[in-house]
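Rule-based calculations on the coordinates, nothing more; no lab input. Keep in mind the model is a prediction, meaning the values are calculated, not measured. We place every Cβ from the backbone using ideal geometry, glycine too, and count neighbours over all the protein chains shown.
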């Protein structure tokens, strides 16, 4: 790195706090954490070191005023981790752009926003270009295992007939908000009720599917989604709570996309506490076929934080606009 | 694709001929094969269809005069498959560039030329920039399994301690030149003699290692290489020839790179006829760890051709200069 990149952590939930910790470790790689933003009154005004449970003070006071933080710190990049939903974060992202701050975001709907939110995507692209900055959504899922990695695997093939991606996550090892998000410990009827809200379960599977399709220039005529509960077959105890036999242990979410009768994509995601054989697998039925597995799967929380941190130099070097992972160069770890 | 890309196949060995076949299949994806170049007198002047063993004539006459082919066809991209060695192909690449033709090449030493041939790399970069074209070396190995894919896997990690990549290829299924290149059927003493030539075995392992190191900004203080014969433990028969028990069945090639005492890279390649359990595996000892395997391995010949064809639109869209796979966006299959 030739030039220091000033980074602000925008959002201090579990992922944001871990991101802040990793950013602090990257000072040898040209990353300087210069600010932290959160709206939680319990955090605002406190030193970031205290929020992160560190012994030392960092001299970074958590603020709820993004504009002022950006102005006073000459921020180059905001690592943004506040919500899964694009409508909720639009004004935050727009404000970053208008302050000439590049955005790396964990917002799942931002990973491939052109399908669910085409107007917001167009607006963000325009604001980003007007202000000469880049906005990108990334993470592990969406961001890598069920989309960018399968797309890259197709690069070794011609004549692709289908792609099947399977991810099985043992949620016992994951952060509490995620266990809540997948309904662990609920009754089946509560699960079905909550499902109707439309904001339940894993967010981003549709985005992953449409990202792959766009990368292959496949025009999907039909997309089918389903969300079902996984049921505990025995009592399970996690560090956070217990799931009794017969209760919901997590989710089983599937999305299928069809390009004509001949080409199909299938993404199959199981996230539940006590999962057997957690793994990620990708099968590309092409010429040649690619049969890829990541044993035990990529561990979600730390990988998402790694993706957010590692992409910073690529985003700074990129041309302006709203980008997705297929417009940027291959991600790689930022230093050791 | 909005605009047709005129492509010339430069070199009609086994890989080049297969590339020409695939390019012909990509007319729906904006690729038009407009010319073919080879120096073999048995091919020059003949119709490409005849060379490819097709029934129909293609109206493309194989020529040994690259400059004339480029001028008469308004070539945008040359798919270049003539040699593994950069010194041998330098003038060919320079001529492409001077004819304003982008180059996608299977030349192994071109995949990461900055270590073994820094002066040639500098010259090629200058010529490419002067003529507004892009030059890139790619393929499956080097190009994907032992370099770009491991580098991309690190994108999910922070704190990388080591990377171990293993590729085991059953050479029985591969083209004859490759079986020759790995010494299948030789005596051990002939193998050792041939090894001294320095151009024996797999070319590109060093390039793969230094590509990963450069991607991670690791400064390797020490690089160790070894090349040993694999010995047939029983008689083996391939479609092309026989290997007797005790003869060489292929190669075992290893390269290690060390960044301080704490960080290391290991690439381990076995290519031999009758290989047990062919596969590709990548282990990134990072936070989180990534333990990835491609079952049966990526099949080399067709994957190399796929990589060469698939990268064409990315190269056309890229800025000028000598590039490597880490400067370009994630590779993906060009249409179905």
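Once you average over the residues of A:138-146, how many Cβ atoms of partner chains fall within 10 Å of each Cβ?
Details: counts 1, 1, 3, 0, 0, 2, 4, 1, 0.
Shielding by partners across A:138-146 averages 1.
Would you tell me the mean number of C-beta atoms belonging to other protein chains that fall within 10 Å of each C-beta in A:319-327, as a whole number?
2
Which distances in nm, rounded to one decimal and ordered from shortest, link the label point of residue B:226 to the equivalent label points in the other identical copies, with labels set 7 Å from Cα toward Cβ?
Between copies, matching label points for residue B:226 lie 5.3 nm apart.
With both partners inside the protein assembly as shown, how many of the DSSP beta bridges are antiparallel, as a percent to the nearest 5? Please report the intermediate quantities before stating the final value.
Working: 78 of 138 bridges.
Restricted to the protein assembly as shown, the bridges split so that about 55 percent are antiparallel.
Suppose a student asked you for the relative contact order of region B:96-157, using Cα pairs under 8 Å spaced at least 6 residues apart; what percent would you report?
Values: 60 pairs, mean separation 25.3, N = 62.
Computed over region B:96-157, the figure is 41 percent.
Please label the shape of chain A as rounded, prolate or oblate, based on the square roots a ≥ b ≥ c of the eigenvalues of the alpha-carbon gyration tensor (a/c under 1.5 means rounded; beyond that, a/b larger than b/c means prolate, else oblate). Could the numbers behind the result be given before it?
Working: a/c = 1.76, a/b = 1.24, b/c = 1.42.
Cα axes put chain A in the oblate bin.
Subtract the Cα-Cα distance of residue B:25 and residue B:74 from 0.36 nm times their separation in residues, and report this length gain in nm to one decimal.
Working: separation 49, 0.36 × 49 = 17.64 nm, distance 2.01 nm.
That pair, residue B:25 and residue B:74, stretches by 15.6 nm at full extension.
When the chain is fully extended, how far beyond the present Cα-Cα distance does residue B:327 get from residue B:39, taking 0.36 nm per residue of separation?
Numbers: separation 288, 0.36 × 288 = 103.68 nm, distance 3.21 nm.
Here the answer is 100.5 nm.
How high is the FRET efficiency between residue A:285 and residue A:100 when r is their beta carbon distance and R₀ equals 41 Å, given to the nearest 0.05?
That gives a FRET efficiency of 0.35.
How much of the calculated P(r) for the protein assembly as shown lies past 47 Å, in percent of all Cα pairs?
Working: 41614 of 225456 pairs.
Tail of P(r) above 47 Å: 18 percent of Cα pairs.
Counting alpha carbon pairs within less than 8 Å and at least 6 residues apart, what relative contact order, in whole percent, applies to chain B? Please report the intermediate quantities before stating the final value.
Details: 749 pairs, mean separation 67.4, N = 336.
About 20 percent, as a whole number.
Please state the relative contact order of region B:148-297 as a whole percent: Cα pairs under 8 Å, 6+ residues apart?
On the way: 320 pairs, mean separation 57.3, N = 150.
Relative contact order here is 38 percent.
Which of the peptides B:194-201, B:102-109, B:11-18 is most tightly packed, and how do the rest follow, judged by the mean count of other Cβ atoms within 10 Å per residue?
Output ranking for B:194-201, B:102-109, B:11-18: B:102-109, B:11-18, B:194-201.
Just to be sure I understand: of the beta bridges DSSP finds with both ends in chain B, what percent are antiparallel, rounded to 5? Kindly include the intermediate steps, with their values, before the conclusion.
On the way: 37 of 67 bridges.
Counting only bridges with both partners in chain B, antiparallel ones make up about 55 percent.
What average number of partner chain Cβ atoms lie no more than 10 Å from the Cβ of the residues making up A:292-298? Walk me through the numbers before you get to the answer.
On the way: counts 8, 6, 8, 7, 4, 3, 8.
Taking all residues of A:292-298 together, the mean is 6.
Where the label is 7 Å out from Cα toward Cβ, how close does residue B:189 come to the same position in every other copy, in nm, shortest first?
8.7
Which of the peptides B:141-147, A:212-218 is most tightly packed, and how do the rest follow, judged by the mean count of other Cβ atoms within 10 Å per residue? The partial results should precede the final answer.
Numbers: B:141-147: 28.3, A:212-218: 21.1.
Listed from highest to lowest mean packing, they are B:141-147, A:212-218.
If Rh is defined by the Kirkwood formula over all Cα pairs and Rg also comes from Cα, what ratio Rg/Rh do you get for region B:1-124?
Working: Rg = 14.4 Å, Rh = 14.8 Å.
Reported Rg/Rh, Kirkwood definition of Rh: 0.97.
Run the label-point distances for residue A:14 please: 7 Å along Cα to Cβ, every other copy, nanometres, shortest first.
Output for residue A:14: 5.2 nm, nearest copy listed first.
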